[in-house]
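The values are calculated or read from the model by the stated rules, or taken from the named source; none is laboratory data. Computed from a predicted structure; not experimentally measured. As a convention, Cβ positions derive from the backbone with ideal geometry for all residues, glycine included, and neighbour counts pool all protein chains shown. These accessible areas exclude ligands, DNA and RNA; they are computed on the full protein's heavy atoms, side chains included. Shrake-Rupley method; radii C 1.70, N 1.55, O 1.52, S 1.80 Å.
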Amino acid sequence: MATSLFPRCVLFSGSIVRQHFVQCPRNSWSCFWRCVPIAFYRYKPLRVNITGVYIPDKDSEHTPEWQKEKKYDAKLFGRYGSASGVDPATLWPHPEQLREFEEEEREWYPSLQEMQHNIAVKEEEERKKLLEREKLIAENMAKMPQMVEDWRRQKREQKQKLREEKARRDQLLAMARERFGYNIDPRSPKFQDMVKEIEKEERKKRKLLKRLQKEESAAAAVGNITTPQSVPSST
């Protein structure tokens, strides 16, 4: 016998529990209503009168706190008017709130004159920044030829220094090969010791040369001072 699945809807605490299926041996709705238990539920009556004007009792402890505030009174007066029983004079803000509202309005809602003044100030600042940038660009463009020349001179000096270092390195390698009789690794301790020895000798030679030049300069200065002057002949 063919069976069919019927949805089972049960009312429980005001909510519907759905998607429950039961198997029914007969393909008929009458069997479905006999097989499926149905729990009847009656809603509780609402405590709020939605047909007229709802005015909360502020003296009752069951009234929520948010319904006792002035904000809710303003809402009631705006919705029902004088029927709400709210005195509009009590809704007017006190002086401190008025000052806060005025400060907020001045901060977030400036007047047209203030907005025009702010726009003019902003445009003036942007114009000054643009003039300063143009002035800086003009100054840099005037310095460009000298900057290019300095850059080229630095490149030439770097290349010359690299050539001198390479020549110095080749000379040291040649001296090491001549001294030791074979090619030597520049990273070896023997090569490093030889370089230190050569640099020490070169420093001695430079000091000696500098001292000789100093002595020659002093001797030349003394010779100029002791040169005899010509004596006039007597008649």
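Checked against (1) under 30 Å from Glu197 (Cβ atoms); (2) outside any loop (DSSP other than H, G, I, E, B), Ile184 passes all but a single condition, namely (2). Within the stretch 107-124, can one find any residue that is in a helix (DSSP H, G or I), free of Cβ contacts under 8 Å to residues at least 60 places away in the same chain and touching a Leu at 6+ places or on another chain (Cβ under 6 Å)? Looking for residues that are in a helix (DSSP H, G or I), free of Cβ contacts under 8 Å to residues at least 60 places away in the same chain and touching a Leu at 6+ places or on another chain (Cβ under 6 Å), one finds none in the stretch 107-124, hence no. For the stretch 172-183, name all the residues that are closer than 19 Å to Glu201 by Cα and open to solvent by less than 100 Å² (accessible area, probe 1.4 Å). Across the stretch 172-183, the qualifying residues are Leu172, Leu173, Ala174, Met175, Ala176, Phe180.
Just one of the numbered conditions (1) outside any loop (DSSP other than H, G, I, E, B); (2) surrounded by 10 or more Cβ atoms within 10 Å (Cβ to Cβ); (3) modelled with pLDDT under 65 is not true of Thr90: (3).
Would you point out which residue out of Glu104, Glu157, Glu139 is free of Cβ contacts under 8 Å to residues at least 24 places away in the same chain and under 30 Å from the mean Cα position of the chain (by Cα)? From the options Glu104, Glu157, Glu139, the qualifying one is Glu104.
Pairs linking a residue in the stretch 56-74 that is more than 12 Å from Val86 (Cβ to Cβ) to a residue that is open to solvent by 100 Å² or more (accessible area, probe 1.4 Å) and assigned to a helix (DSSP H, G or I), with Cβ atoms under 8 Å and 6 or more positions apart or on different chains, do not occur.
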